[in-house]
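**Q** Sharing a structure below in structure tokens format, with a few things to ask.
The values are calculated or read from the model by the stated rules, or taken from the named source; none is laboratory data. What you are looking at is a predicted structure, and each value in this text was computed from that prediction instead of being measured. Cβ sites come from the backbone with ideal geometry, for glycine too, and all protein chains shown count toward neighbours. SASA here: full protein model, heavy atoms, side chains in, ligands and nucleic acids out. Shrake-Rupley method; radii C 1.70, N 1.55, O 1.52, S 1.80 Å.
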Amino acid sequence: LIQLNSGYRSSQHQLRLRREWEQQAPPRRGVRPAMPGGSYHQLGMAIDFNPILPDGSKLMKADPAAPWRSSGVVQIGESVGLFWGGLFRGNYDPVHFDYRNTLTLTERQSFYNDAFATNTPPNRHPIA
């Protein structure tokens, strides 16, 4: 079982998350959200979730990498081409999985800009 926390995010939602994080007094807590245009959530290519394990326990954002890996969840995600947010350098986010290997950074930015220029939500814009 999984508890889905986040999937597609609009630019407004992404900006709100970033501003809420920035408004925290240092040291800021939690994952630093990407700026609008820099998140795979805005492309509909990322999810955040908490797995519920067979014993009823739930893996959380604050859990270290070892229980995530030993649960098999990371390996399952990677086996279908997902990138695990537990590998982010300096921004550990184990609840996050995305399809980052699908588009290069340049392609992602171009895709996002094209969607914005046509007033199309990125998760509805076709990938060329």
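**Q** Normalising by the residue count of the chain, find the relative contact order in percent from Cα pairs under 8 Å and 6+ residues apart. Don't jump to the answer; show the numbers that get you there.
**A** Values: 172 pairs, mean separation 31.3, N = 128.
Reported relative contact order: 24 percent.
**Q** First measure r as the distance between the Cβ atoms of Arg16 and Ala62, then evaluate 1/(1 + (r/R0)^6) with R0 = 35 Å and state the FRET efficiency to the nearest 0.05. Each step should come with its number before you reach the end.
**A** Numbers: r = 22 Å, r/R0 = 0.64.
The computed FRET efficiency comes out at 0.95.
**Q** Determine the share of the chain's accessible area contributed by carbon and sulfur atoms, expressed in whole percent, with a 1.4 angstrom probe.
**A** Working: 4370 of 7860 Å².
C and S atoms contribute 56 percent here.
**Q** For the chain, report the translational diffusion coefficient in µm²/s to the nearest whole number, using Stokes-Einstein at 20 °C, 1.002 mPa s, and a Kirkwood Rh over Cα pairs.
**A** D = 137 µm²/s.
**Q** Another question, if that's okay. If each of Gln75 and Ile2 carries a label point 7 Å out from its Cα toward its Cβ, how far apart are those two points in nm?
**A** With each label point 7 Å from Cα toward Cβ, the separation is 1.8 nm.
**Q** How much mean residue ellipticity at 222 nm does the chain get from its helices, if each DSSP H run of length 4 or more adds -39500 (n - 2.57) and you divide by all residues, to the nearest 500 deg cm²/dmol? Could you put the intermediate results ahead of the total?
**A** Details: 4 runs with 39 residues, N = 128.
Mean residue ellipticity at 222 nm (helix-derived): -9000 deg cm²/dmol.
**Q** What ranking, highest mean first, results for peptides 15-24, 95-104 when packing means the other Cβ atoms within 10 Å averaged over each residue? It would help to have the intermediate numbers written out before the result.
**A** On the way: 15-24: 12.9, 95-104: 17.8.
Highest to lowest by the protection proxy: 95-104, 15-24.
**Q** Which residue, chosen from Asn50, Gly38, Pro94, occupies the Cα position most advanced towards the positive end of the dipole of the chain, where the dipole is computed from +1 (Lys, Arg) and -1 (Asp, Glu) charges on Cβ about the Cα centre?
**A** Final value for the positive-end residue is Gly38.
**Q** Apply the a/c threshold of 1.5 to the C-alpha gyration tensor of the range 61-128 and tell me whether it is rounded, prolate or oblate.
**A** Details: a/c = 2.95, a/b = 2.38, b/c = 1.24.
It is prolate, given that a/c is not under 1.5 and a/b is the larger ratio.
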